[in-house]
Structure formats: C-alpha cells, structure tokens
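Taking it in order: structure first as structure tokens, then the write-up.
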Amino acid sequence: MALADKEIAALTEKAWEIRHLIVQTIVWAGGGHVGGALSQVEILIVLYYHYLNIDPRRPDWEDRDRVILSKGHGGVGYAPILADRGYFPMELLKEFNHTGSPFGMHLDRLKVPGVDASTGSLGHGLPMAVGMALGAKLQQKPWHTYCIVGDGESHEGSIWEAAMCAAHYKLDNLTGFVDRNRLCIDGDTEEIMALEPLKGKWASFGWYVLEIDGHDFKELGEAIEEARRTAGRPTMIIANTVKGKGVNFMEGEAAWHYGGLD
C-alpha cells in the first residue's frame, strides 16, 4: 500500500530530526563520514519507521528483517536512527568514536544492538546480505534482507560477484539500494572509475532494477513495494541522492566525505 500524505509528512519531519542528530553526533565525535551519512537518511528512515518487521526490544529476534549497511562508514548516520528507534539510550551517542565507546566509525554488530553485520571493509556487505537471504530461503523463513551499498563501494569486484550469486539463486527476498550520490572519498565516481550505465549493469546481472529520487519518500515507498511484489529475482533500487544533503555548504562536495564541526 502506497504511503499516505500524512505518513510522508511524518517521515519527512523525522528525516530532519535525524539529520540534526547526525550533525550533533559529528560534533560529539570530533569528526565523521558526514557526507554519506546525510545522503542515506531517507532510505534508512523509510525502512526503520515504516517497512521493517523488527522489534527493538528483541534485537536478536530470529524472524526479524535484516538490514546490512554495506557502506559501513555511514555508521554515524545509522546509530542515531537505531537510538531513536529504542535499541539503546540516546545518551550513548555522546560517546561516539571515543575511547572505550561501543561505537566505532564502523558499527560492530557484537557491540551495537540492532546492527545485523559488521561492515566497512567495502564490498563485503552485499555478499553477507546474499548469504542471509539464501539462508532464509533454505530455512523457509519469512524475513526479508535489505542492503544499502555505496556507489563508490560499487567499484569493488566483490559487489558484482555477489550480484551474480543473488540472481543465480533467485533471491527475491533480497532488496538492495545504491546510495547514488556520485561522490566518493577521491571525488566524482565517474572520474575515478565510471559506473554508468549503472542501471543497465545491474539488469545485465539478472536483477530487477528501479531508479528513483532517493530523497523522495513517495518514490522510495513505491519502489520497496514493487520489490516485494517481484518474484524470482532480487531487486536493486538505484536511489539518486545528494552527498551532504540538508547542510548547504556540504551538499555535493566531495571534501565533506569526512569532516568535523564545531
């Protein structure tokens, strides 16, 4: 069922709350991967506040949906959402990336409740998501796996090995997102190593592919629902986003891949 206007308004307000919290966490931490943390916000918001079958009181519930943030450096944008959903006290964010804190720049699933996989070695998250989706199929489990991949991360060969595997095993219980902000730490992705035609690449690997505005909740909701209806193959949603979204001097600036604020 499509998101109602009232739901979209609530999600939009929540996205701005989370962006404020991300920026504040960057201040507490002394720095972080802020650009990509801000570009992924709507993707994670629509999942965690509307679509996921989860219970924050039971982070290890066996039948929960799984989320893999393959672009693990986006952890500074992921932890605030988990805190807001009640996986752990909000106060802990003040210790983000401090010595002795459970929160490193790349979130550890053994230390942070709600995290389904330790990621950050780029290219490893999608292979883990494929394994989880395949495991659900073999065990005849109902849960769905979602994976958020960076576009700079898509330069890694392991992404494409996982893509082949997911299509081969017809993993229609796997939905991926490419956070397509077009910038990585070294600059424009198309100058570093061209990805286009990205939609055609994913389609040629056997995935059902949708391309949307990654900051538009209506489009995100429609894409997720279409992915759920798609049988016999995984779905990749290419979400066109803006690096540093919501902070005017960061938007579209590769220099804000990592940075600190006073």
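The values are calculated or read from the model by the stated rules, or taken from the named source; none is laboratory data. On a predicted model such as this, the values are computed, not experimentally measured, just so you know. Using ideal geometry, Cβ is built from the backbone for each residue, glycine included, and neighbour counts are taken over all protein chains shown. Quick note on the areas: whole protein, heavy atoms, side chains included, nothing else; ligands and nucleic acids left out. Shrake-Rupley method; radii C 1.70, N 1.55, O 1.52, S 1.80 Å.
Using helices alone, I'd like the mean residue ellipticity at 222 nm for the chain: each DSSP H run of four-plus residues gives -39500 (n - 2.57), total over residue count, nearest 500.
On the way: 9 runs with 98 residues, N = 262.
Calculated at 222 nm, the ellipticity per residue is -11500 deg cm²/dmol.
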Residues whose built amide H sits under 5 Å from the amide H of Met236, excluding neighbours closer than 5 in sequence, are Gly176, Tyr208, Val209, Leu210
GluC sites (Glu not before Pro) within the range 11-81, DSSP loop, no more than 12 other Cβ atoms inside 10 Å:
Glu62
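Only bridges whose two residues both fall in the chain count here: according to DSSP, what percent of them are antiparallel, nearest 5?
Numbers: 3 of 25 bridges.
Close to 10 percent.
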Placing +1 on the Cβ of each Lys and Arg and -1 on the Cβ of each Asp and Glu in the chain, which of Val115, Val46, Ala4 has its Cα farthest towards the positive end of the resulting dipole?
Val115
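Taking a ≥ b ≥ c as the square roots of the Cα gyration tensor eigenvalues, with a/c under 1.5 meaning rounded and otherwise prolate when a/b beats b/c, else oblate, which class fits the range 80-161?
Details: a/c = 2.62, a/b = 1.45, b/c = 1.81.
Oblate shape, in that a/c is at least 1.5 and b/c is the bigger or equal ratio.
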Would you check the accessible area of Arg228, probe 1.4 Å, heavy atoms only, in square angstrom rounded to 10?
120 Å²
In the range 32-190, carbon and sulfur make up what percent of the accessible area (probe 1.4 Å)?
48 percent
Using Cα-Cα distances under 8 Å and only pairs 6 or more residues apart, what relative contact order does the range 70-154 have, in percent?
32 percent
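Determine the per residue accessible area of the range 5-256 with all protein chains present and a 1.4 angstrom probe, expressed in square angstrom. Walk me through the intermediate numbers first.
Values: 10500 Å² over 252 residues.
Ligands and nucleic acids excluded, the result is 42 Å² per residue.
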Along the charge dipole of the range 5-256, which of Val130, Ala194, Gly150 sits closest to the positive end, that is, farthest toward it, with unit charges on the beta carbon of Lys, Arg, Asp and Glu (+1, +1, -1, -1)?
Val130
For the range 5-256, calculate the relative contact order in percent as a whole number, restricting contacts to Cα pairs under 8 Å that are 6 or more residues apart.
21 percent
From the backbone phi of the range 238-244, what are the Karplus-calculated ³J(HN,Hα) couplings (6.51 cos²θ - 1.76 cosθ + 1.60, θ = phi - 60°) in whole Hz, Gly and Pro given as x?
7, 9, 6, 10, 10, 4, x
List the relative contact order of the range 105-217 as a percent without decimals, with contacts defined as Cα pairs under 8 Å and 6+ residues apart.
23 percent
Is the C-alpha gyration tensor of the range 142-236 telling us rounded, prolate or oblate? Criteria: a/c under 1.5 is rounded; beyond that, a/b larger than b/c is prolate, otherwise oblate.
oblate
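Please list, by residue number, every one of the chymotrypsin sites (Phe, Trp or Tyr not before Pro) in the range 195-253 that is coil in DSSP and has at most 12 other beta-carbon atoms within 10 Å. Intermediate results must be reported in sequence, preceding the final value.
On the way: sites: Trp202, Phe205, Trp207, Tyr208, Phe217, Phe249; in loops: Phe205, Trp207, Phe249.
Counting only loop positions with at most 12 other Cβ atoms within 10 Å, the chymotrypsin sites (Phe, Trp or Tyr not before Pro) in the range 195-253 are Phe249.
Nearest 20 debye, what's the magnitude of the dipole of the chain about its Cα centre given +1 on Lys and Arg Cβ and -1 on Asp and Glu Cβ?
Values: 25 positive and 36 negative charges, 157 e Å.
It works out to roughly 760 debye.
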Per the charge dipole of the range 5-256 (beta-carbon charges, Lys/Arg positive, Asp/Glu negative, Cα centre), the residue among His215, Ala254, Thr230 reaching farthest to the positive end is Thr230
